[in-house]
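*Asks:* So that we are looking at the same thing, I have put the structure below in structure tokens.
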């Protein structure tokens, strides 16, 4: 029988040979997940032998990760702004940079928004995080993908409640019913170029939905559409906050100017110009 220590050493080596970026961390997470343990608990019981049944449960998870399937899809959850969200191939995996977007929005807003819109909601991460941050706000979320909306509804059910967010299927603003404008509109739209997609990690190119990542040859198709229409849906004094590509500021300024708006580029924690904020 193999101990946790032996399985851990073999799995780390196997992952490294397959080019998995964080073989030690991913090994710990997968072993702990398969055993129903916390990661720290592994290190308190390293010589514990694993049964054949336990190894049989772990092996297919290791194989999936070695094939560069994202770890978040394998374990089935991701932590985002204090929420544990279900995640799978129906939607893009929420990332730490998008958590930064939530933090920047909260810093920028002087008053709690009454109506919030999340465009391209995916897992529902932004909508649900902001529904938690602003419990009195009316929150709407839009996505073109019916599968992504199903996932977002499941996450709403598990976090803020099924009635807390209104979900609409369609392209950007198109499916929204007539109503009051929004005080806050957020979006993490597709913004990769076709070339950038070809150079992305296998986890991205082989497993995450391309429609949530790539936006035409220059990566700007969806950002162009959002900025062209947003003034019709943003309340006076309202804020549009988006995650964008790191070399898109000049073009976004042009799109904003055409719509009679003025934008501001904000940096992420690594110093890259990743976010674009527009006030009406």
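Every number in this text was worked out from the coordinates using simple rules, so none of it is lab data. The structure displayed is predicted, hence computed values, not measured ones. Neighbour counts are summed over all protein chains in view; Cβ atoms, including those assigned to glycine, are modelled from backbone coordinates with ideal geometry.
*Asks:* What does the extension gain come out to for residue 39 and residue 103, with contour length at 0.36 nm per residue minus their alpha carbon separation?
*Replies:* Numbers: separation 64, 0.36 × 64 = 23.04 nm, distance 2.74 nm.
Difference between extended and current length: 20.3 nm.
*Asks:* Run through all the Cα pairs of segment 11-80 and give the fraction in each 10 Å bin from 0, expressed as whole percent.
*Replies:* Reading upward from the zero bin: 19, 56, 25, 0.
*Asks:* So how much slack lies between residue 95 and residue 67, counting 0.36 nm per residue of separation and subtracting their Cα-Cα distance, in nm? Intermediate results must be reported in sequence, preceding the final value.
*Replies:* Details: separation 28, 0.36 × 28 = 10.08 nm, distance 2.08 nm.
Contour length minus the Cα-Cα distance gives 8.0 nm.
*Asks:* If I take R0 = 25 Å and measure r between the Cβ atoms of residue 171 and residue 269 in this structure, what FRET efficiency does the formula 1/(1 + (r/R0)^6) give, to the nearest 0.05? Mind showing how you got there, number by number?
*Replies:* Numbers: r = 32 Å, r/R0 = 1.26.
Using R0 = 25 Å, I get an efficiency of 0.20.
*Asks:* Given that just one value was derived from the coordinates, which of [x] 20.8, 69; [y] 18.0, 55; [z] 21.8, 69 is Rg and Dmax of the Cα atoms in Å?
*Replies:* [x]
*Asks:* So, one more: With 10 angstrom as the radius, rank 74, 93 by how many other C-beta atoms surround their C-beta, starting from the fewest. Write down the numbers at each step before the final one.
*Replies:* Values: 74 19, 93 23.
Ascending Cβ contact count within 10 Å gives the list 74, 93.
*Asks:* Only Cα pairs under 8 Å and at least 6 apart count here; give the relative contact order of segment 194-280 as a rounded whole percent. List each step's numbers first, then the result.
*Replies:* Working: 102 pairs, mean separation 23.4, N = 87.
Relative contact order comes out at 27 percent.
*Asks:* Please rank 265, 81, fewest neighbouring Cβ atoms within 10 Å first, as an exposure proxy.
*Replies:* The order, fewest Cβ neighbours first, is 265, 81.
*Asks:* Given only helices, namely DSSP H runs of n ≥ 4 each adding -39500 (n - 2.57), what is the per-residue ellipticity at 222 nm of the chain, to the nearest 500 deg cm²/dmol? Intermediate values should be presented prior to the final figure.
*Replies:* Numbers: 12 runs with 117 residues, N = 280.
For the chain, the value works out to -12000 deg cm²/dmol.
*Asks:* Please report the spacing between the Cα centers of segment 156-194 and segment 236-280 in Å, no decimals.
*Replies:* About 19 Å separates the Cα centre of segment 156-194 from the one of segment 236-280.
*Asks:* Take the Cα of residue 114, step 7 Å along the line toward its Cβ, and report every residue of segment 216-245 whose backbone nitrogen sits under 16 Å from that point.
*Replies:* Flagged as within label range: 233-239.
*Asks:* Okay, next question. Helix 23-35 versus the longest principal axis of the chain: what angle, 0 to 90°, nearest 10, using Cα atoms?
*Replies:* That helix lies at roughly 80 degrees to the long axis.
*Asks:* How many percent of DSSP beta bridges within segment 80-279 run antiparallel, rounded to 5?
*Replies:* Working: 12 of 32 bridges.
Bridges in segment 80-279 are about 40 percent antiparallel.
*Asks:* Quick one: helix 52-66 against the long Cα principal axis of the chain, what's the angle to the nearest 10°, folded into 0 to 90?
*Replies:* Rounded to the nearest ten degrees, it is 40.
*Asks:* For a Förster distance of 35 Å, can you work out the FRET efficiency between the beta-carbons of residue 18 and residue 195, rounded to the nearest 0.05? Working shown, then result.
*Replies:* Details: r = 25 Å, r/R0 = 0.72.
The computed FRET efficiency comes out at 0.90.
*Asks:* Working out 0.36 nm times the residue gap between residue 153 and residue 51, then minus their Cα-Cα distance, what length gain in nm do you get to one decimal?
*Replies:* 33.0 nm
*Asks:* How do 242, 1 line up, fewest other C-beta atoms within 10 Å first? Walk me through the numbers on the way to the answer.
*Replies:* Numbers: 242 25, 1 10.
Placing the least packed residue first, the sequence is 1, 242.
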